[in-house]
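Accompanying notes for the structure given below.
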Amino acid sequence: MSLFMLALFGKANAYTGDDFHRTWFWMDKPQVIEICDDISIKKEMVEEALLFWIDNKVIEEKIEIKLISNCNDDYHMDAIMITKHKKFDIRKYYAMTFLDEWNGQGILGARIEIDPVEHENIILMIHELGHALGIGHEEEDIYHIMYPKVLSTPTKIE
């Protein structure tokens, strides 16, 4: 189903580049997205989420995606790590993105933590990857992919 949804993005996507507000900036652009072996997230779903951000001009090109093992809480320089939840309350949140910043000057690395129950949720993956790329919440538009409660209402891409 997620492949079908994302196939529609190019034609039915209701967003423009101006719809996304950068809150944070990377010191250097991320070089790799690391999917930890502690969560069952498919590489193809991460690729689909990444294509959403490329199509909307938030990033210019694909980022290498690789599977890794022995994940810990450390950030990896110039990398976005995707792992199971470790540091947030899954009774309150479906996922959370943590940023490693250097003195407020920019992002050095990011870690997306996801409740394993939501490991196939493409909308959640797009939302959290947006945070890892530096995009903040959109508070006004409840149908926006970056709305804080993105899973509580249909988005413009559903």
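Since every read-out is calculated from the coordinates, none of them should be taken as a lab result. What you see is a predicted model, and the numbers here were worked out from it, not measured in a lab. A quick note on method: Cβ atoms are made from the backbone with ideal geometry, for glycine too, and the neighbour counts reach across all protein chains shown.
Quick rundown of the values:
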| quantity | calculated |
| --- | --- |
| Mean residue ellipticity (222 nm) of the chain, computed from DSSP H runs ≥ 4 via -39,500 (n - 2.57), nearest 500 | -6000 deg cm²/dmol |
| Signed unit charges on C-beta, dipole axis of segment 21-132, positive-most listed residue 79, 105, 40 | 105 |
| Spacing of the two label points (7 Å from each Cα toward its C-beta) at residue 143 and residue 22, in nm | 2.8 |
| Karplus-derived HN-Hα couplings along segment 70-80 (A = 6.51, B = -1.76, C = 1.60, θ = phi - 60°), whole Hz, x at Gly and Pro | 6, 6, 9, 8, 6, 8, 10, 4, 6, 10, 10 |
| Under-5 Å amide H pairs with residue 101, H placed in peptide plane, nonlocal only | 108 |
| From the coordinates shown, Cα extents along the principal axes in Å corresponds to which of (i) 54, 40, 24; (ii) 38, 33, 29; (iii) 49, 37, 26 | (ii) |
| Candidates 121, 70, 56, ranked by Gaussian network fluctuation over the chain, Cα under 10 Å, top entry | 70 |
| Peptides 125-131, 28-34 ordered by average Cβ neighbours within 10 Å, highest first | 125-131, 28-34 |
| Spin-label pair residue 152/residue 102, simplified geometry with 7 Å Cα→Cβ offset, distance in nm | 3.8 |
| 25 Å Cα-Cα reach of residue 62 towards lysines, excluding residues that sit fewer than 8 places from it in its own chain | 11, 29, 42, 43, 84, 156 |
| Neighbour cut-off at most 15 other Cβ (10 Å), DSSP loop, GluC sites (Glu not before Pro), segment 49-116 | 60, 61 |
| Cut-off under 5 Å, modelled amide H: who pairs with residue 146 long-range | 138 |
| Segment 21-132 - charge dipole about Cα centre, Lys and Arg +1 at Cβ, Asp and Glu -1, debye rounded to 20 | 240 |
| In Hz, Karplus ³J(HN,Hα) per residue of segment 46-63 (6.51, -1.76, 1.60; θ = phi - 60°; x = Gly, Pro) | 5, 4, 4, 4, 5, 4, 4, 6, 5, 4, 9, 6, 7, 10, 8, 8, 4, 10 |
| Among 96, 30, 117 - extreme Cα towards positive end, dipole of the chain, charges at beta-carbon | 117 |
| 10 Å Cβ shell holding at most 10 others, DSSP loop, trypsin sites (Lys or Arg not before Pro): longest site-free stretch of the chain | 1-86 |
